[in-house]
1. Does any residue of the stretch 179-194 turn out to be touching a residue at least 40 places away in the same chain (Cβ under 8 Å), among the β-branched types (Val, Ile, Thr), assigned to a helix (DSSP H, G or I) and closer than 15 Å to Ala300 by Cβ?
2. Restricting to the stretch 247-273, and then to whatever is among the hydrophobic types (A, V, I, L, M, F, W, C) and under 22 Å from the mean Cα position of the chain (by Cα), can you tell me which residue is farthest from Ala220 (Cα to Cα)?
3. Among residues belonging to the stretch 39-66 that are in contact with a strand residue (DSSP E or B) (Cβ under 6 Å, 6 or more places away or on another chain) and under 17 Å from Ile111 (Cβ atoms), point out the one that is surrounded by the fewest Cβ atoms within 10 Å (Cβ to Cβ).
4. Collect the residues in the stretch 90-120 that are buried (at least 16 other Cβ atoms within 10 Å of the Cβ) and either acidic (Asp, Glu) or assigned to a helix (DSSP H, G or I) (or both), keeping them in residue-number order.
5. Out of the stretch 94-118, which residues are free of Cβ contacts under 8 Å to residues at least 12 places away in the same chain and of a type in the set (A, V, I, L, M, F, W, C)?
6. Does the stretch 269-301 hold any residues that are in a strand (DSSP E or B) and out of contact with any Phe, Trp or Tyr (no Cβ under 9 Å at 6 or more places or on another chain), and which are they?
7. Out of (1) part of a helix (DSSP H, G or I); (2) modelled with pLDDT of 95 or more; (3) more than 21 Å from Pro127 (Cβ to Cβ), the odd one out for Glu348 is which?
8. List the number of the failed condition for Arg155; all other conditions in (1) assigned to a helix (DSSP H, G or I); (2) of a type in the set (D, E, K, R); (3) buried (at least 17 other Cβ atoms within 10 Å of the Cβ) hold.
Amino acid sequence: MDFRNYASASLHLGPESVILNGSNGAGKTNILEAVSLLAPGRGLRGANFAELARLDASSGWSVSARASIDGAEIVLGTGQIAPPGNPAPLGRMVRIDGAPASGSGALGDYIQVLWLTPAMDGLFTGPAAERRRFLDRMVASFDQAHRTRLNQFERAMRQRNRLLEMGERSERFFAAIEAQMAETGTAIAAARVEALDRMASVIAAGRQGRESAFPWAELALEGWLEALVRQAAALDAEDAYILRLAEARERDRAAGRTLEGPHRADLRVAHGPKQMPGHLCSTGEQKALLIGLILAHARAVKDARGGLAPLLLLDEIAAHLDLARRAALFAEIELLGAQAWMTGTDPEIFAPLEGSAQFFTVASGVTTRREQDVGRSRAPHRKTG
């Protein structure tokens, strides 16, 4: 309700993939964003929650779903309330079967959502911060405590940076903060290493016995602490990081910030078959490499969750693929057994999915099930609004 350009919307779905057709600006991506908020985190745009309410809405926004998961039905909901007369909305709320949950992390027990949007096309050539966010979403899909550790590390680092700016030199103050940074930072680095090892195993298994239109990725972590946790026990890595932070205080004071830690790591992605760094590949190769990486991540999540595939949100995914790769993408999604939500302006792009997907037309914040789909099953497996 009152989400982006939707006053209200309700989609009654079966388990098949969902196709959203419509012109640019109709609200297709807004539907994907609503679905992405039914999983932990800030959604596929990473927007401030206060920005999600419809412009003329007076009571905030909400998104809910009635989902069938492993044969059990559960109702998930999230939103933000704007109290009457109070311009400052309350924090985001999460409910599971009508009961308040402690935060969005609780949603991860039920649904995992992966996405690929046009904004991610520059992942390999953009700043390291974008790749870290991509990496940490990947890690959090396997380890729900990862987001908490990231927040704890960020808070501790901000405290240390303030001490540096203030010219504080108290050994006691710095030692307490740096011990916290070392504990959470080492755990972050270890979780990243474990997740990449998991991905490497799934990618290697996926290469066995079959060719794919999407090249396999070779993943590597670039960072001092990440390299250390591969070689040392966790407590030894923590001690080493504490020492490094203490030795770097004067350098960091001059820089005005902390220069060493997991917040400086980078994810390196290479085109496996060509043994070429991702940032040197052509635009088409980068797109195919990114799709292959998302599909591998989906397989890894499915394995980790005992065969329960994640939802895939693929915004404008097929428009720039040739016919062969488009067919390969649809085949990969079917093999994965995932419900994929795909958007596009040209309905002909998704013609091969006739009879095996649910088609909707989106226009000015209104969704209409395509006429030839009216007779299909309309069990309310998932609903957004």
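1. Checked against the condition, which is being touching a residue at least 40 places away in the same chain (Cβ under 8 Å), among the β-branched types (Val, Ile, Thr), assigned to a helix (DSSP H, G or I) and closer than 15 Å to Ala300 by Cβ, the stretch 179-194 yields no hits at all.
2. Here the residue is Ala265.
3. So in the stretch 39-66, the residues in contact with a strand residue (DSSP E or B) (Cβ under 6 Å, 6 or more places away or on another chain) come out as 39, 44, 49, 52-53, 60-66.
Next cut, under 17 Å from Ile111 (Cβ atoms) only: 39, 44, 62-66.
On the way: Ala39: 26, Leu44: 24, Ser62: 20, Val63: 24, Ser64: 19, Ala65: 25, Arg66: 16.
That would be Arg66.
4. The initial filter retains those residues of the stretch 90-120 that are buried (at least 16 other Cβ atoms within 10 Å of the Cβ), namely 92-96, 101, 104-108, 110-117, 120.
Within the stretch 90-120, Ser104, Gly105, Ala106, Leu107, Gly108, Met120 meet the criteria.
5. Passing the criteria: Ala99, Ala101.
6. We begin by selecting, within the stretch 269-301, every residue in a strand (DSSP E or B); these are 269-271, 276-277.
Within the stretch 269-301, Ala270, Met276 meet the criteria.
7. The single condition Glu348 does not satisfy is (2).
8. (3)
The values are calculated or read from the model by the stated rules, or taken from the named source; none is laboratory data. Everything numeric here is computed off the predicted structure, so don't read it as measured data. Cβ sites come from the backbone with ideal geometry, for glycine too, and all protein chains shown count toward neighbours.
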